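Novice: Below you will find the structure I want to go over with you.
The values are calculated or read from the model by the stated rules, or taken from the named source; none is laboratory data. No experiment lies behind these values; they were computed from the predicted model shown. Glycine also receives a Cβ, built like all others from the backbone with ideal geometry; neighbour counts cover every protein chain displayed.
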Amino acid sequence: MTNPRAPDVLHIPVLGEILRWRRGRLLFQIPLFLILMLIIYDGFTGPQFAPENTATVLAWVHYRGLVILLLLLAGNFFCMSCPFTLPRTIARRLSLHGGRWPAKLRNKWISVFSLFAIFWLYEWLDLWASPLLTAWVAVAYLLLSFALEAWFAESAFCKYVCPLGAFNFTFSMLSPLQITERSQQVCRDCRGKECVNGDQRVLGCGTELFVPTVQSNMDCVFCLDCARACPYDNVALQIRSPLKEARTRLAAPGYALAFLILSLIFTGVMSAFGMVPPVYRLQAWLAEALLIRSEAALLLLMFGAGNLLLPAVTLFLIGWINKPPGRSLLQSARSEASQFVPALLPLGAGIWLAHYGFHLATSGLAIVPVFQSFLLDHHITLLGDRPRWDLSMLLPLDWIFPLQVAVILAGTFASFASLALSGLENNHTPMQALRRILPWAVLLVLLAVAALSVFNLPMEMRGTLQIGNP
Ligand code: SF4
Ligand code: SF4
């Protein structure tokens, strides 16, 4: 619901006009599409040593670090600029209003497993170390998004399949901007509902969100087609509290969305754990104890346990602890998940920021020599005739761990505050609220301690020739 006092980005002079312009999205998509083409071209044809190739440096250092920063500081502007949607838009225009995405798959379970699959492949195939495989991942993305958009009338790839989208949707729940209507009355009187249905000029909302009912950034790709399509200029991109969704019960029923969020938070810890020395000792111990020789199987076991099984067990354990009389365990776990999992989001964002921020901080400037080298390989001396391989660190090394601690602690406190507010809103007395949120608070502390312990260990630097871990 609109807050008349909150500033609307779409009505800031110049910026608002650019954003609402019919071709406004293209302005953001074209640079990213060119970068995607560079990743594919250099990945296939460039040097196959990861710190010297734009594909690996851009995809695994810059994209990931910048996307989490952008989500927390502004909103889902990566999905807005997503280059994978360009060929998809062509497919969509050719689709002759293709079929509907199957009803049984209209939830986040595919996203849960596609996220797990990409993290598992990343660890197993060391995608960060292979320009060629990175280029293949980009090509697979292009083909899959094109195919799904040609087959289905809605943006099924973004909403139900894309692991990048699942990550972005989840953390955009903490973004300070959200689509909303300017006047409820105008929407009530509106007959065409062009924001979702579209018109001859503009496609309606690809993920089928209806502006007057939008309460969350989940599934919003920030494309602003709704603002372009609305004939009454009644769509706003408003500033809101970043914790608004963290203290609110999930709107979508069922486990899938709550499990996606919870699993992504556990994955944050596991993904960082995958880059510190104890992971290799654990892998060796498991291989010997279980007589497993295949690395793929070992990683599947380790990350399956940490990313999927552990959050599931945790959810049912808390559901059992907080189970009110007369409710089944399943009902209780579902209710707990919908009510309190969003409160864990700030800690999850802190963990991912500490991880991806580490790579950006240690290798952010590496793109300068890598791009110089790319140009020199193509006989272009525009940026000098000798790559500056000494460039890599964006921040001094001794700042990094204190910054990681700071973002994790900030996330933990914001999660505590969200838990307390959510508990107080839904329970009669502070004592009842305290009892209800206690297991979640214990989980928060355990996750924060696990994350801090992992980040306190030497972490592999990626995308740089520089050696030296904090
Ligand atoms: S098209 Fe505009 S006025 Fe109509 S429902 Fe959508 S946002 Fe409201
Ligand atoms: S509500 Fe739909 S059309 Fe509007 S910005 Fe979000 S995804 Fe795009």
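Novice: In the stretch 114-127, is there at least one residue being over 20 Å from the mean Cα position of the chain (by Cα), at pLDDT 90 or above and either surrounded by 15 or more Cβ atoms within 10 Å (Cβ to Cβ) or farther than 17 Å from M270 by Cα (or both)?
Specialist: The answer is yes, given that some residue of the stretch 114-127 is over 20 Å from the mean Cα position of the chain (by Cα), at pLDDT 90 or above and either surrounded by 15 or more Cβ atoms within 10 Å (Cβ to Cβ) or farther than 17 Å from M270 by Cα (or both).
Novice: Here are L10, L38, L32, L26: which of them is under 30 Å from H378 (Cα atoms) and over 22 Å from the mean Cα position of the chain (by Cα)?
Specialist: It is L38.
Novice: A further question on this structure: Considering only the stretch 164-199, how many residues are in a helix (DSSP H, G or I), closer than 23 Å to S338 by Cβ and among the aliphatic types (A, V, I, L, M)?
Specialist: Selection size over the stretch 164-199: 1.
The rows are residues; the columns are (1) away from ligand 1 (no atom under 16 Å from the Cβ); (2) surrounded by fewer than 17 Cβ atoms within 10 Å (Cβ to Cβ).
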position: E149; (1), (2): yes, no
position: L164; (1), (2): yes, no
position: S172; (1), (2): yes, no
position: C187; (1), (2): no, no
position: G206; (1), (2): no, no
position: T213; (1), (2): no, yes
position: C223; (1), (2): no, no
position: A229; (1), (2): no, no
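Novice: Can I ask one more? Quick one: how many residues across the stretch 183-210 are of a type in the set (D, E, K, R) and either within 11 Å of ligand 2 (Cβ to nearest atom) or at pLDDT below 95 (or both)?
Specialist: 5
Novice: Also: Would you mind finding the one in T85, T180 that is crowded, with 16+ Cβ neighbours inside 10 Å and in contact with a strand residue (DSSP E or B) (Cβ under 6 Å, 6 or more places away or on another chain)?
Specialist: T180
Novice: Counting only residues that are under 22 Å from A448 (Cα atoms) and of a type in the set (G, A, S), which one in the stretch 293-329 is surrounded by the most Cβ atoms within 10 Å (Cβ to Cβ)?
Specialist: G319
Novice: Shifting gears a bit: Hey, could you check the stretch 211-236 for residues that are more than 8 Å from ligand 2 (Cβ to nearest atom) and outside any loop (DSSP other than H, G, I, E, B) and say which is nearest to N107 (Cα to Cα)?
Specialist: The qualifying residue nearest to N107 (Cα to Cα) is T213.
Novice: Given the criterion free of Cβ contacts under 8 Å to residues at least 40 places away in the same chain, of a type outside the set (D, E) and in a helix (DSSP H, G or I), identify the matching residue among G16, G65.
Specialist: Matching residue, one of G16, G65: G16.
Novice: Which condition number does N53 fail, the rest of (1) among the polar types (S, T, N, Q); (2) crowded, with 23+ Cβ neighbours inside 10 Å; (3) at pLDDT below 95 being met?
Specialist: Condition (3) is where N53 drops out.
Novice: From the list A258, A246, A236, which residue is surrounded by 23 or more Cβ atoms within 10 Å (Cβ to Cβ) and within 16 Å of ligand 1 (Cβ to nearest atom)?
Specialist: Of the residues listed, the single one that is surrounded by 23 or more Cβ atoms within 10 Å (Cβ to Cβ) and within 16 Å of ligand 1 (Cβ to nearest atom) is A236.
Novice: Let me ask something else about it. Of everything in the stretch 425-437, what is part of a helix (DSSP H, G or I) and either over 17 Å from S335 (Cβ atoms) or among the acidic types (D, E) (or both)? Give them in sequence order.
Specialist: Those that are part of a helix (DSSP H, G or I) and either over 17 Å from S335 (Cβ atoms) or among the acidic types (D, E) (or both): E425, P430, M431, L434.
Novice: Is it the case that V137 is in a helix (DSSP H, G or I) and away from ligand 2 (no atom under 15 Å from the Cβ)?
Specialist: The answer is yes for V137.
Each row is one residue, and each column tells you yes or no for (1) under 30 Å from V449 (Cβ atoms); (2) in contact with a Pro (Cβ under 7 Å, 6 or more places away or on another chain); (3) assigned by TED's automatic domain parsing to the domain that holds L58.
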| position | (1), (2), (3) |
| --- | --- |
| A337 | yes, no, no |
| I351 | yes, no, no |
| Y356 | yes, no, no |
| P369 | no, yes, no |
| D385 | no, no, no |
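Novice: Among the candidates S338, S332, which residue alone is crowded, with 18+ Cβ neighbours inside 10 Å, in a helix (DSSP H, G or I), free of Cβ contacts under 8 Å to residues at least 60 places away in the same chain and of a type in the set (G, A, S)?
Specialist: Result of the check over S338, S332: S332.
Novice: For the stretch 24-34, indicate whether the set of residues that are part of a loop (DSSP other than H, G, I, E, B), modelled with pLDDT under 95 and surrounded by fewer than 18 Cβ atoms within 10 Å (Cβ to Cβ) is non-empty.
Specialist: Looking for residues that are part of a loop (DSSP other than H, G, I, E, B), modelled with pLDDT under 95 and surrounded by fewer than 18 Cβ atoms within 10 Å (Cβ to Cβ), one finds none in the stretch 24-34, hence no.
Novice: Take the residues in the stretch 438-459 that are surrounded by 15 or more Cβ atoms within 10 Å (Cβ to Cβ) and outside any helix (DSSP H, G or I), then tell me which one is modelled with the lowest pLDDT.
Specialist: Only one residue fits best here, namely M459.
Novice: Tell me, please, whether a residue that is assigned to a loop (DSSP other than H, G, I, E, B) and among the charged types (D, E, K, R) can be found in the stretch 249-258.
Specialist: Among the residues of the stretch 249-258, at least one is assigned to a loop (DSSP other than H, G, I, E, B) and among the charged types (D, E, K, R), which makes the answer yes.
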